[in-house]
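Comments concern the structure below.
The values are calculated or read from the model by the stated rules, or taken from the named source; none is laboratory data. Every value quoted in this text rests on a predicted model; they were computed, and no experiment measured them. Because the Cβ atoms are built from the backbone with ideal geometry, glycine has one as well, and the counts that use them run over all protein chains shown.
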Amino acid sequence: MTRREILRAGLRRLALLLAAIVAGTAVASLAAGAITGAPLARALSVGFYAIGSFALVGGFFIGNRGPARGRGSAATSLPGQRKLRWARPEEQAEAITTSALFVTVGLVLVVIGLAIDSRFQIV
């Protein structure tokens, strides 16, 4: 596969992921809005804000994980002893890419919430 094909495949997967998250958030927000009696636009915007903020915070913490990882199970270590190892380069790269994915999804959801929110006029 060429780089262009790999990039297109990745963007297609990202678009599908975003579409699924947006649809799921919209359904859950509408259900919560119907239960609480909130207006449609307000329920959607709050739902997108909440899930987007959660994704942003999650991406921040995943990205700030240090290079040390636990070794073995925590149940076998004695109190006061910590078994640590250095993360492999693949693990560090995975942490960065996962963080970038969470931050991207979070930003998209917050922007969608801002666009739906009737309290703010974008254009």
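Tabulated results
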quantity: Meets criteria (surrounded by fewer than 18 Cβ atoms within 10 Å (Cβ to Cβ), at pLDDT 95 or above and in contact with a helix residue (DSSP H, G or I) (Cβ under 8 Å, 6 or more places away or on another chain)) for F54; calculated: yes
quantity: Sole exception among (1) farther than 19 Å from A55 by Cβ; (2) in a helix (DSSP H, G or I) for M1, by number; calculated: (2)
quantity: Subset of the range 4-49 [more than 19 Å from L109 (Cβ to Cβ), in a helix (DSSP H, G or I) and not acidic (D, E)]; calculated: R4, I6, L7, R8, A9, G10, R12, A34, I35, T36
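Table: residues versus (1) part of a helix (DSSP H, G or I); (2) more than 24 Å from G58 (Cβ to Cβ); (3) β-branched (V, I, T); (4) modelled with pLDDT under 90.
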position	(1), (2), (3), (4)
P79	no, yes, no, yes
E90	yes, no, no, no
E94	yes, no, no, no
T97	yes, no, yes, no
L101	yes, no, no, no
V105	yes, no, yes, no
S118	no, yes, no, yes
V123	no, yes, yes, yes
